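Asker: Provided herewith is a single structure, encoded as structure tokens, for subsequent inquiry.
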Amino acid sequence: MTLAESSLQVPEHRKRAQNAAPKGRARFPLGATPTLAQSLYTKIRDDIISMTLRPGAPISETELAKESGVSRTPIREAILRLARENLVEVVPKSGTFVARIPVSALPEALIARCALEGATTRAAAIFASRSQVLELRALLERQRELAAQGDMPNFHLADEAFHEQLAATGRLPGLWLMIQDIKLQVDRFRRLTLPEVGRMNMVIEEHAAVVDAIEARDAEQASAAMERHLTGLHLHIKNVVDSHPDYFIHDADLDALVNI
């Protein structure tokens, strides 16, 4: 056997049958640094979802590149990715704009989210430890503090943390990742509901009902409480759209949507 041939030999303990799956635990690098385009995408996306960038607002790639101190290439990559998510609209010969919210997308997203979060909440009632219930109670208290301060941006973040913790408690964290993709347009819509008088306190009461059912180990009641919490947003669609008509694409009958 030549030196070259011996260097190609696979150690006996690593041999496996042809087309057999590899053995052993797969390992992936942790804490990988995001690319420049990824970082820009995340920043613009967060500004759109938080309504810092309002629907219909123009987006200048040149200005973004100047503000960020980068070339237009990573900006363009980020914009194209946002366009695929229907968060940005690129109009030939006119410019790039924050996409308006399709009214028709709201009930579909709410129905899908309700189904997935019904599952995570039901599972949370089955698996929740005492400490996990206390964590949910702590997140509720955080929401109460922020509501009292009228801090809507951080209230929204605390709301997100609450729903994420439910999925983790139910041992279904992957569903939360799916939910985040589904609810992009709903998140923008929800930001417009928070200023409504009493809305934040209503959210807290609905969350508290979910936690009470989880603590009681009542999976069906927990799921039902979550369904009431999420489907209640249907009742706000018409008022919000009527109050901010320029933020939406009016592609559905509002009166019919309330009854879905």
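The values are calculated or read from the model by the stated rules, or taken from the named source; none is laboratory data. A quick note: this is a predicted structure, and the numbers were derived from the prediction, not measured. Methodologically, a virtual Cβ is constructed for each residue, glycine included, from the backbone with ideal geometry; neighbour enumeration extends over all protein chains shown.
Asker: Just need a number here: residues in the stretch 101-133 that are of a type outside the set (A, V, I, L, M) and under 18 Å from the mean Cα position of the chain (by Cα). Don't jump to the end; show me each part of the working.
Answerer: Let us first name the residues in the stretch 101-133 that are of a type outside the set (A, V, I, L, M), namely 102, 104, 107-108, 113-114, 117-118, 120-122, 127, 129-132.
Then drop every residue that is not under 18 Å from the mean Cα position of the chain (by Cα), which leaves 102, 107-108, 113-114, 117-118, 120-121.
Within the stretch 101-133, residues that are of a type outside the set (A, V, I, L, M) and under 18 Å from the mean Cα position of the chain (by Cα) number 9.
Asker: Filter the stretch 42-66 down to the residues that are buried (at least 18 other Cβ atoms within 10 Å of the Cβ), among the aliphatic types (A, V, I, L, M) and not in a helix (DSSP H, G or I) and list them by number.
Answerer: Residues satisfying the conditions are 51, 53, 59.
Asker: Any chance you could count how many residues in the stretch 208-239 are assigned to a helix (DSSP H, G or I), at pLDDT below 90 and surrounded by 19 or more Cβ atoms within 10 Å (Cβ to Cβ)?
Answerer: 1
Asker: Related question: If only one of 184, 192, 140 is buried (at least 16 other Cβ atoms within 10 Å of the Cβ), closer than 28 Å to residue 53 by Cα and touching a Phe, Trp or Tyr at 6+ places or on another chain (Cβ under 8 Å), which one is it? First the steps, then the outcome.
Answerer: Working: 184 fails: touching a Phe, Trp or Tyr at 6+ places or on another chain (Cβ under 8 Å); 140 fails: closer than 28 Å to residue 53 by Cα.
When all the criteria are applied, what remains is 192.
Asker: Could we say that residue 160 is outside any strand (DSSP E or B), closer than 22 Å to residue 254 by Cβ and acidic (Asp, Glu) here?
Answerer: So residue 160 does not fit the description; no.
Asker: Which numbered condition in (1) touching a residue at least 40 places away in the same chain (Cβ under 8 Å); (2) assigned to a helix (DSSP H, G or I); (3) not basic (Lys, Arg) is the only one that residue 75 fails?
Answerer: Unmet for residue 75, out of (1) touching a residue at least 40 places away in the same chain (Cβ under 8 Å); (2) assigned to a helix (DSSP H, G or I); (3) not basic (Lys, Arg): (1).
Asker: While we're looking at this one, here's another question. Please give the number of the condition residue 137 fails out of (1) at pLDDT 95 or above; (2) within 19 Å of the chain's Cα centre (by Cα).
Answerer: Of (1) at pLDDT 95 or above; (2) within 19 Å of the chain's Cα centre (by Cα), only one is false for residue 137: (2).
Asker: Here's a follow-up. Assess whether residue 119 counts as being part of a helix (DSSP H, G or I), in the same structural domain as residue 238 (by TED's automatic domain parsing), among the small types (Gly, Ala, Ser) and farther than 22 Å from residue 221 by Cβ.
Answerer: no
Asker: Of all residues in the stretch 163-194, count the ones that are among the aliphatic types (A, V, I, L, M) and not in a helix (DSSP H, G or I).
Answerer: Looking only at the stretch 163-194, we keep the residues that are among the aliphatic types (A, V, I, L, M), and these are 166-168, 172, 175, 177-179, 182, 184, 186, 192, 194.
Next cut, not in a helix (DSSP H, G or I) only: 172, 194.
Result for the stretch 163-194: 2.
Asker: Let me ask something else about it. Scan the stretch 248-259 and tell me whether some residue there is farther than 17 Å from residue 100 by Cβ and surrounded by 16 or more Cβ atoms within 10 Å (Cβ to Cβ).
Answerer: no
Asker: Mind telling me which of the residues 192, 166, 146, 172 ends up being out of contact with any Leu (no Cβ under 6 Å at 6 or more places or on another chain) and at pLDDT below 95?
Answerer: So the residue among 192, 166, 146, 172 that is out of contact with any Leu (no Cβ under 6 Å at 6 or more places or on another chain) and at pLDDT below 95 is 192.
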